[in-house]
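Quick notes on the structure that follows.
The values are calculated or read from the model by the stated rules, or taken from the named source; none is laboratory data. Note that the coordinates shown come from a computational prediction; the quantities given were computed from them, not determined experimentally. All Cβ positions, glycine included, derive from the backbone under ideal geometry; neighbour counts span all protein chains shown. The accessibility values were calculated without ligands, DNA or RNA, using every heavy atom of the protein model including side chains. Shrake-Rupley method; radii C 1.70, N 1.55, O 1.52, S 1.80 Å.
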Amino acid sequence: MPVNYRKYGALGGLLLAAACQRATYPTATAPLAAPPVAPGVARELAEFRRQTISRVTYEVELTVPADKAAPVLAQEIITFNLRDNRAPVQLDFKGQASQLRSLTINGQPAAPDYRLEHLVLPAAALRAGRNVVHIGLTAGDLSLNRNADYLYTLLVPDRARTVFPVFDQPNLKAPLTLSLTVPAAWQAVANGPLHDSLRADGQKTYHFLPSDSISTYLFSFAAGRFKQVTRAVSGRPMSFLHRETDTTKIRLSLPAIFRLHGEALAFLEDYTGIPYPFQKFDFTAIPDFQYGGMEHVGNIDYKASSLFLDEGATKDQLLARQNLIGHETAHMWFGDLVTMQWFNDVWMKEVFANFMADKLNPEAAAGPAQLLKFVTDHYPAAYAVDRTAGANPIRQPLENLQDAGSLYGNIIYHKAPIMMRQLERLMGEDPFREGIREYLKKYAHGNATWPDLIAILDAHTPADLAAWNQVWVNQPGRPVFDYALQTPTGQPAQLVVSQRAEDGSDRLWPQQFEVLAVYPSGPVALPVNMNQRTVTVPLPAGKGAPSYVLLNAQGLGYGVFPVAPAAADHLAALADPVARASTYIALYENMLSGRGLAPRPLLDCLVAQTAHEANDLNIKLLTGQLSAIFWQFLTPAERTALAPAVEKALWQALQAQPRPGEQKLYFKAYQSVALTSAAQQRLFQIWQSQKAPGLVKLTEDDYTALALALAVRDYPAPQPILTQQLARITNVDRRQRLQFLMPALSPEVAVRDQFFASLKDEKNREKEAWVQSALGYLHHPLRQATSEKYLPASLDLLAEIQQTGDIFFPAGWLQATLGSYQSAAAAATVRSFLAAHPRYNPQLRAKVLQAADDLFRAEKLVK
Ligand SMILES: [Zn+2]
């Protein structure tokens, strides 16, 4: 919906959005014209099919050979009701015409008419009413993720159409009845419950019952050599497939994995008032899965390393796992039960999944821990995009599903939860929850838009949700705050807080946050309802002027908040970890904006704070900022000069912590900055002896990371470190990852050149997580003199990467490539690329501007 809501004024936004909604999905009385055949899944086609096609079902039989290069043969039966048969029906299929081997429409054989990613069924062969289509084909491999002894589908957002012909749009939900013939030793799981499995000729056929009626992006199966664990949690059977071999990880993780799913389900049933709405609840751990997880109905997929943790796991990793399980489980209601009409609202399911995951954290009872996690998880990540020239609004237009991947990113995963929390605060928890329940009940097993939800919520609050929606959801950007302490004669002191848009536009972000007025006798917390451009907050009478004020002390305000010099000086004295987190974030944002502390004094401030910071989430935030400033916003000469002091402070902080988790975070920071030969020697000894310092527990993955950190520093070891590390790894999946990374870290420039050149071949980019890790090392600040030459080709590849890669890959590729440069030459390369492509895909251009933001800022900040 590329409509500029702003010109209609704030109040018009909601009405217009609702009007657009009606225009987008007209009733049966206003038929659209049959759309032309065009690549992808155009919005126009989806709307037409939504009007004319209903009651879709799919039956699919797939035969997967043991040899991953051999084709997967498929038989498919699609049935659907057609309102009238005046126009041809387009099935989405992104493949080759030669893959379509046979076609029968309503019992009559037909020659497949394959054009522009569509199998076109001629009108003459169709009937008004029920139609049955049989298709024999070679299934597409692109999204089957075929490995030597396992495969799995990942079909979001429009990848179902790469496997077999479908109506690939979220609002034509259908049951999928799947049969999978696989090598006899393989396990298999799909959306529907298992009916039976039959062995014949060294193969095994799994027959699954019809799945619930679900969107095509949720179609899923996995098969291969997996171990199956089945347990009942609160009476509900759950089956879990995995390939983990580390017995410690298995022993320590399995109970938690099942328990966390059970807790998440119980919480969501209670919050939504709707019992778990599907037939079964299983999950699978996939090595190097592209995302943390994917919420397939009846079969959630997870990245194995996010689920399997051992005794070396930090509290942060444990919380992240709990959050991930909560997120995917929440999707069963938010996304799977009620689904967006079109992928422009994909952010809704993501924001609710995150929002619910944050809520169901059992530590919520303890309050501050949950709040701290919310603040440290979401605000820095949201600002990382929203501060850039490539910032996008939460709700974006989408004309073709093939571009849906570019909608994903930090704004929908991190700014949207912040927005939702502010919305809940504006409405109150109970009215908000009532509205959510009404929405889920009304649209269960169907589809809804954001305006549909806002219309329901609007009835539960006297607040002006239209104006609110406009600035928070339909537009990008954030406000910058200022304040003044005033003492009018004869009256108590008062605080005047003002906000303005960072981009200079005339906008206001209604929001609520807390101010801490710090007096010699102690702090006083004051709520601020920032519903105006300027708000005056009366300070307590009889106390005089405070020593200083801390704006946004609970971290929930959104924007750039100034930090009083006294607040920066008294960081160590701030007892509340949330107030410290909020201050770290504000100091960093101000530094990037060129106001407040410059990089060098901020680094000094953070280094000094390592002696005091003992909260694990804050250590992660603080050391992350410290490392970023060290590598990106200091000159190489400053780095060399400061390294001994920074390393010393981090090592002392490690030793001062009483617990292994916090020690490990400081150790990781030490490993990240280690620049002096003494520090590198110390790391080498730890790696060689496999004796972690202090109470720190290092896992095999940690030793691999340590080996990689030494290799990128060209540590002069007697034997090549990575070769030795490879010999230590027994798990085949982890060995392959290191083998892939090794040439990217080679001491030989020619080998690295060759590695980079190999990425131009799509085949070598299949394991996207590996590619991103490899690029991070390839473009490490210590390697940039020889790697900067890869930048033009890396940018040239971007458009192809969007076509061939998964949804997070373009941003991941750019971030891993550009993310740690600081030179004027690198900035010029990016600028000339953008100048040379004036008609470049606007969403990709935005991703480039996002990834290059620190680079552009470094030009001004590094002196
Ligand atoms: Zn999600």
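If only one of Ala568, Ala553, Ala564, Ala573 is touching a Cys at 6+ places or on another chain (Cβ under 7 Å) and either open to solvent by less than 10 Å² (accessible area, probe 1.4 Å) or without any contact (Cβ under 8 Å) to a residue 40 or more places away in the chain (or both), which one is it? Spell out the reasoning first.
Values: Ala553 fails: touching a Cys at 6+ places or on another chain (Cβ under 7 Å); Ala564 fails: touching a Cys at 6+ places or on another chain (Cβ under 7 Å); Ala573 fails: touching a Cys at 6+ places or on another chain (Cβ under 7 Å).
The conditions single out Ala568.
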Residue that is in contact (Cβ under 8 Å) with a residue 24 or more places away in the chain and open to solvent by 10 Å² or more (accessible area, probe 1.4 Å), where the choices are Leu194, Leu241, Leu254
Leu254
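Condition check ((1) within 16 Å of Phe561 (Cβ to Cβ); (2) of a type in the set (Gly, Ala, Ser)) across all residues:
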residue: Pro488; (1), (2): no, no
residue: Ala493; (1), (2): no, yes
residue: Trp509; (1), (2): yes, no
residue: Gln512; (1), (2): yes, no
residue: Pro520; (1), (2): no, no
residue: Pro523; (1), (2): no, no
residue: Thr536; (1), (2): no, no
Just for the range 129-181: of the residues that are of a type in the set (Phe, Trp, Tyr) and outside any loop (DSSP other than H, G, I, E, B), which one is surrounded by the fewest Cβ atoms within 10 Å (Cβ to Cβ)?
Tyr150
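Could you check, for the range 600-613, whether at least one of its residues is in a helix (DSSP H, G or I) and over 30 Å from Ala678 (Cβ atoms)?
At the first step, the residues of the range 600-613 found to be in a helix (DSSP H, G or I) are 600-609.
Right, trim to over 30 Å from Ala678 (Cβ atoms) and you get none.
So far as the range 600-613 goes, no, none of its residues is in a helix (DSSP H, G or I) and over 30 Å from Ala678 (Cβ atoms).
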Please specify each residue of the range 269-282 satisfying the condition of being in contact with a helix residue (DSSP H, G or I) (Cβ under 6 Å, 6 or more places away or on another chain) and in a helix (DSSP H, G or I).
Thr272
Do we have Ser102 as in a strand (DSSP E or B) and open to solvent by 50 Å² or more (accessible area, probe 1.4 Å) here?
yes
Of those in the range 283-324 that are among the hydrophobic types (A, V, I, L, M, F, W, C) and within 12 Å of the ligand (Cβ to nearest atom), the residue most open to solvent (accessible area, probe 1.4 Å) is Leu324
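What number of residues within the range 220-238 satisfy the criterion of being part of a strand (DSSP E or B) and either of a type in the set (A, V, I, L, M, F, W, C) or open to solvent by 30 Å² or more (accessible area, probe 1.4 Å) (or both)?
Residues of the range 220-238 part of a strand (DSSP E or B): 221-224, 227-233, 236-238.
Within this subset, residues satisfying the condition of being either of a type in the set (A, V, I, L, M, F, W, C) or open to solvent by 30 Å² or more (accessible area, probe 1.4 Å) (or both) are 221-223, 227-233, 236-238.
So the answer is 13.
Taking into account only those residues within the range 456-466 that are assigned to a helix (DSSP H, G or I) and free of Cβ contacts under 8 Å to residues at least 40 places away in the same chain, which is farthest from Asp430 (Cα to Cα)?
Taking the range 456-466 and keeping what is assigned to a helix (DSSP H, G or I), we get 456-458, 465-466.
With free of Cβ contacts under 8 Å to residues at least 40 places away in the same chain added as a condition, the list becomes 456-457.
On the way: Ile456: 14, Leu457: 11 Å.
Once the filter is applied, the top-ranked residue is Ile456.
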Count of the range 839-863 residues which are more than 20 Å from Ser627 (Cα to Cα) and outside any loop (DSSP other than H, G, I, E, B)
8
Give, as residue ranges, the helices (runs of 4 or more DSSP H) completely inside the range 348-455 that count at least 2 residues that are within 16 Å of the ligand (Cβ to nearest atom).
368-386, 416-427
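From Asp113, Asp84, Asp92, which residue is modelled with pLDDT under 95, acidic (Asp, Glu) and either surrounded by 15 or more Cβ atoms within 10 Å (Cβ to Cβ) or over 26 Å from Leu218 (Cβ atoms) (or both)? Can you show your working first?
On the way: Asp113 fails: modelled with pLDDT under 95; Asp92 fails: modelled with pLDDT under 95.
It is Asp84.
This table checks each residue for (1) at positive phi; (2) surrounded by 20 or more Cβ atoms within 10 Å (Cβ to Cβ); (3) in contact (Cβ under 8 Å) with a residue 40 or more places away in the chain.
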{"residue": "Pro577", "(1), (2), (3)": "no, yes, yes"}
{"residue": "Arg580", "(1), (2), (3)": "no, yes, no"}
{"residue": "Gly594", "(1), (2), (3)": "yes, no, yes"}
{"residue": "Pro599", "(1), (2), (3)": "no, yes, yes"}
{"residue": "Leu603", "(1), (2), (3)": "no, yes, yes"}
{"residue": "Val607", "(1), (2), (3)": "no, yes, yes"}
{"residue": "Asn618", "(1), (2), (3)": "no, yes, yes"}
{"residue": "Leu621", "(1), (2), (3)": "no, yes, yes"}
{"residue": "Leu626", "(1), (2), (3)": "no, yes, yes"}
Residue, farthest from the chain's Cα centre (by Cα), within the range 534-550, restricted to residues that are surrounded by fewer than 19 Cβ atoms within 10 Å (Cβ to Cβ) and assigned to a loop (DSSP other than H, G, I, E, B):
Gly542
For the range 638-658, enumerate the residues that are more than 16 Å from Ala608 (Cβ to Cβ) and either of a type in the set (Asp, Glu) or at pLDDT below 95 (or both).
Glu638
Condition test on Gln681, is it at pLDDT 95 or above, within 34 Å of the chain's Cα centre (by Cα), in a helix (DSSP H, G or I) and more than 23 Å from Asp616 (Cβ to Cβ)?
no
Would you say Tyr217 is within 16 Å of the ligand (Cβ to nearest atom), in a helix (DSSP H, G or I), crowded, with 17+ Cβ neighbours inside 10 Å and not small (Gly, Ala, Ser)?
yes
Here the residues within the range 682-693 that are small (Gly, Ala, Ser) and either buried (at least 16 other Cβ atoms within 10 Å of the Cβ) or touching a Pro at 6+ places or on another chain (Cβ under 8 Å) (or both) are Ala692
When Gly335 is evaluated against the numbered criteria (1) closer than 21 Å to Pro451 by Cβ; (2) crowded, with 22+ Cβ neighbours inside 10 Å; (3) more than 10 Å from the ligand (Cβ to nearest atom), which criterion, by number, is the only one it fails?
(3)
